Amino acid sequence: MQSFEYANPATVQEAVGLLGARWGQADVLAGGTDLLSLMKEHLHEPKRLVNIKNIKELEGIQKTASGLRIGALVTMDELAKNAEVHAAYQSLAEAAAGIPSPQIRHMGTVGGDLCQRPRCWYYRQGFGLFAMKDGKSLIPEGENKYHAIFGGGPAYFVSASSLGPALVSLGARVKLVSAKGTREVPVAKFFVTPASEAAREIALQPNEILTEIIVPAAAVHTATYEVRQKEALDWPLAAASVALTMNGRTVTSAKVVLGHVAPTPWEATGAEAALKGKTITADTAEAAGKAAVLGATPLSQNAYKVTLAKVAVKRALMEAVKTAKA
Amino acid sequence: MANTPDYHWPPMDQRKVIGTSPKRLDGPVKSSGRAKYTSDLKPQGMLFGAYLISPHAHAKVTSIDTSVAEKLPGVKSVYVAAPAGTEMQYQGWEVAAVAATTEEIAREATRKIKVEYEVLPHFVKDEDLASAGANAKQGGERLVGDPDKAFADAEAVSEGHYGIPVVTHCCLEPHGQVIQWMGDSINVWPSTQNVPGYAGDLSQRLQVPATNIKVKMDYIGGGFGSKFNPDAWAIVGANLSKNAGGRPVKLYLERNAEQMIGGNRPSAYAKIKLGGKKDGTITAWQTDSWGTGGFQAVSPGQQPYVFTNLPNIREVRTAVSVNAGTQRAWRAPGNQQASYLTCCAIEDYAHKIGMDPIEVFKLNAQYAPTARIETYRYQLDKAAELADWKKLWRPRGQNGSGPVKRGLGVAIAAWGGAGHAGKARAVINPDGSVAIETGTQDLGTGTRTIITQVAAETFGLPMSQIKLSIGTSELPADGGSGGSSTVGAVSTTTRKSSMNALAKLYEVVAPSLGAQPEELEAVDGHVRVKGSPNKSLTWQAACRKLGSTQIAEMGENVPRSAQAEGLNTQGAAGVQIADVSVDTETGIVKINRYVAVQDCGLVINPKLAESQVFGAIIMGIGTALFEERIMDAQTGRVLNPDMEFYKLAGIADIGNLVVHMDIRPENDKRGVIGLGEPPAIPICAAVGNAVTNAIGVRVPTIPMTPDHVLAALEGRIG
């Protein structure tokens, strides 16, 4: 780990003043569950570390007139156990609870979940976001069983965010604050497929801090289903979050977002169209799963993830209807 | 000595301490964190070492410049392990190391060492033998009987291909040591399975007299066969210490290096054909197998496993060399692979002829070594009973109506486990205190507890009255803890040294009891005349008769005569059954219940024995479901040298374990047999067979991950 300056601001205003104009000048430290390993591997070598854990205004979950405000420092454990979240945003609670390590649930924050870097093993070994060697991507002919089945490259990593798919399906926004002001970005647009090796996979700028997540109120039935091999610490192989607006038993609109299958949470518009006007049954859920993976372009070792994504959609839908009936 | 004592174990019904299950003596210090592992030590003036390792799978060092690193404040010593010209054969090869006042400085300094490499072509993939070319070397051919005729005459023939990949030991405490080289003497605190052999080995490599090398280790954080020798890091650490004026240096592998070069279990792949009768009798076996032990080519073990007396066999074994870290013994080396290949092929044959595999295994147990045939049949029945096999087993793919299918699979193990050569000293002091001194080590298996139990039994004293010293090179040498050889050795040396010491005591005490020395026995804290319990002295009173003279007597285990002596022997059998549920939509496998039936001769502490089996199963389930070293063909790198994508089982992944120690009198009378390894053998095979039984098609390659299971279900593999 490279030596660095350590700053302990008490306010957001103070914190953003400590950030740099370019990546590499400063990194924001919250739970540190990802950042510290990035620093130990010399993938991030910030000159300054801005610890935001002492900033009170970044804490807490509040119900507002328009929905829910979740502070960036809320831990995954707090989110999973919050009564409001449980009552109205089942998919979000399930996504947080699904993180299998209690240590990470207790240390990891919602802001960090959205800002964490990909787990792609080529990236983690220093081959960059696009896993390039000698001008060529290592992924298509390499060890790609955990890589993307959507997007078609050159970014083949998958978004590691646990909350991303649920937040996109719920139409959530994030608040990004810099010294120059505040902007709100839909989570769907916060995650981006980087256009170049040097770009980031999120819309956050180096001089900004993600301060909160705003989840709109909506009469929806939601669920998240993650396919994860281990009960112990492990990443999902595929996940789906669904949010259904229903009229009686009929779906009036559906959001279906896949996780861990693309460089961003992947909105399965085909599945959304297939569900509109339908009643959720085993058959319609199965059909929506199939529609969700139309257009998938699996790599040499990850065709199985197409199956898993399909099953995740089907099971998330069945789960969402279960809560609807209850 | 006038009369050689009768060393035999007391009869089963007369044992007071042996055969009982006192809690392990190291439990409280370990669970409270007070136990100091060598990686916890920080002797006065200690420096921190860090390694620079090769990022390339195959490269030559063309130049190396350490000048910048040497000048970094805090750096006390730099050592080049791979000078210019060195050809390195795998990623992780030790290039250079630094010792500094802090860990951070040491790491930083390794990054300041400038190395130029000439990158050379590499080969790292072992699954496909056809692609190995010159990296494939003949590992042995064998022809028994007339397999061509036997296949021609066979009523049924089954064929399959099977694979079990390279896995690592993944010791939680990595390899390494604290070492101090001052003048012509060395103090070393290694993490090792071989305290007694360590100094001799180091002595040869550093040209320091073995008598001047002191080795000490109290606790080890996992070895599993990978920690026998001083290794490169001891040599490098010693040189760093010497160059730093004799300050102790701590040099342990980082996790990535541990996964690359700390040892691994070789892979094994095979195409196997079986022929036989419709009644289940196998008459012909043909196997074409290959695997890799890293750069050091190692071919798979002999097949068929256990069923060695099969009349017609043709086998070809091939060793593939790859540019990856070298294999080391992995908890029953060669046996998991051979068990997997053999037991899966037999299960496929049973399926082919429509028979229950338990019956096929029982029938073909006729081909096991003669002395084990009935043991296997008994254990197959016992395991089936404990697993509710008759009630739960169904032919393939017929168990469960929804997407989740249940399956049962069986596999078997064989192991030696005789005690290694070793010595112990038993001491009786005039004040009645008793000590056992032996230079063995406790790998966490319970060796301390076992020795103390044997001594307490022999002296007729409570365990709390025995003082035990182990873990240093200054004690009478025991052997390295490999091959499950420790329990046989230490139980024998403790028994014999204690009996020898008692014989001395009896000589002193006999006149005052009006008896001959050989008429005395030590029971319940007394020395008394056999058959006349009234003629006795308390232990303390008896020892006071020594005046000021201490008794110190040796006891030795000599492997070639141990069998006849009867205290320890070799040859254990084991049968295991996995009961799994497989989600056929996701390919995820869950263990419902796992049954292990295991014999290991005379069991000194049943609870510790069961713990060994539990530990072996937990480790084995990790390998069956999750673990594999993933090599990248293009870069030659290990892609998962971490504990994130090198996936280990957590406790919730294990399921319900049922352990049955086969402690029947016919096993007990054979003497003590080692246990650490045999229960780790059959797990991949039992789980693989259970998954196949559940989903209806063979999943050829371990681990049973969703990609492998779904590939089999969706027909993506041939």
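The figures follow:
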item: Accessible heavy-atom area order of A:Lys305, B:Lys391, highest first, probe of 1.4 Å; result: B:Lys391, A:Lys305
item: Integer Hz, Karplus 6.51/-1.76/1.60 couplings in order for region A:200-217, x for Gly and Pro; result: 9, 8, 9, 7, 4, 9, x, 9, 10, 10, 7, 9, 7, 10, 10, 10, x, 6
item: Whole-angstrom gap from region B:667-718 to region A:110-168, using each part's C-alpha centre; result: 32
item: Residues whose placed amide H lies under 5 Å from that of B:Gly397, excluding near-sequence neighbours; result: B:Ala694, B:Ile695, B:Gly696
item: Built amide H within the under 5 Å cut-off of B:Lys535, gap 5+; result: B:Val529
item: Separation of the B:Ala371 and B:Glu116 label points, Cα + 7 Å toward Cβ, nm; result: 6.3
item: Exercise: per-residue mean of other protein chain Cβ atoms within 10 Å, A:223-230; result: 4
item: Shielding by partners - mean other protein chain Cβ count within 10 Å, residues of B:632-642; result: 5
item: Cβ charges +1 (Lys, Arg) and -1 (Asp, Glu), total dipole of region A:1-52, debye; result: 100
item: Charge context of B:Gly225, other residues only, Cβ under 10 angstrom, K/R +1, D/E -1; result: +3
item: FRET efficiency, B:Asp642 to A:Asp283 (Cβ-Cβ, R0 35 Å, nearest 0.05); result: 0.25
item: Anchor B:Lys423: aspartates and glutamates whose Cα lies under 20 Å away (excluding residues fewer than 8 positions away in-chain); result: B:Asp6, B:Asp201, B:Asp218, B:Glu437, B:Asp442, B:Glu457, B:Glu474, B:Asp478, B:Glu553, B:Glu556, B:Glu565
item: Where labels lie 7 Å past Cα in the beta-carbon direction, separation of B:Ser464 and B:Ser512 in nm; result: 2.5
item: Mean Cβ neighbour count within 10 Å, used as a protection proxy, ranking A:239-247, A:278-286 highest first; result: A:239-247, A:278-286
item: Zero-based 10 Å bins, Cα pair distances in the protein assembly as shown, whole percents; result: 2, 10, 17, 20, 20, 16, 10, 4, 2, 0, 0
item: Derived scalar couplings ³J(HN,Hα) [region A:23-33; Karplus, 6.51 cos²θ - 1.76 cosθ + 1.60; whole Hz; x for Gly, Pro]; result: 4, x, 6, 8, 10, 8, 9, 10, x, x, 5
item: Alpha carbon centroid spacing (whole Å) that separates region B:200-256 from region B:582-647; result: 30
item: DSSP bridge orientation in the protein assembly as shown - percent antiparallel, rounded to nearest 5; result: 80
item: Region B:468-613: Lys pairs at Cα distance under 26 angstrom, eight or more positions apart or on different chains; result: 10
item: Overall form of chain B per C-alpha gyration tensor (a/c, 1.5; a/b vs b/c); result: oblate
item: Compactness index (Cα Rg / 2.2 N^0.38 Å), region B:556-685; result: 1.33
item: Span from the region B:404-426 Cα centroid across to the region B:437-515 one, whole angstrom; result: 24
item: Over 29 Å (Cα to Cα) - which of B:Lys125/B:Lys647; B:Lys114/B:Lys242; A:Lys230/B:Lys362; B:Lys214/B:Lys647 fall in this group; result: A:Lys230/B:Lys362; B:Lys214/B:Lys647
item: Ranked by how many other beta carbons lie within 10 Å on average, peptides A:94-106, A:193-205, B:580-592 from highest; result: B:580-592, A:94-106, A:193-205
item: Rounded to 5, percent antiparallel among DSSP beta bridges of chain A; result: 85
item: Point-to-point label distance, A:Asn51-A:Gln301, nm (Cα→Cβ direction, 7 Å offset); result: 4.0
item: Cα gyration tensor shape of region A:199-326, rounded if a/c is under 1.5, else prolate or oblate by comparing a/b with b/c; result: oblate
item: Residues whose placed amide H lies under 5 Å from that of B:Asn592, excluding near-sequence neighbours; result: B:Asp579, B:Val580, B:Ser581
item: Out-of-range pairs (alpha-carbon distance over 20 Å; input B:Lys36/B:Lys76; B:Lys273/B:Lys352; A:Lys40/A:Lys81); result: B:Lys36/B:Lys76; A:Lys40/A:Lys81
item: Calculated over region A:1-52: convex hull of Cα atoms, volume per residue (Å³); result: 62
item: Overall form of region B:1-139 per C-alpha gyration tensor (a/c, 1.5; a/b vs b/c); result: oblate
item: Rounded to whole Hz, the Karplus (6.51, -1.76, 1.60) HN-Hα couplings of region B:308-320, x for glycine and proline; result: 6, 8, 4, x, 10, 9, 10, 9, 10, 10, 10, 9, 10
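The values are calculated or read from the model by the stated rules, or taken from the named source; none is laboratory data. Note that the structure is a prediction, hence the values are computed from the model and not measured. Glycine also receives a Cβ, built like all others from the backbone with ideal geometry; neighbour counts cover every protein chain displayed. For accessibility, only protein heavy atoms count, side chains too; no ligands or nucleic acids. Shrake-Rupley method; radii C 1.70, N 1.55, O 1.52, S 1.80 Å.
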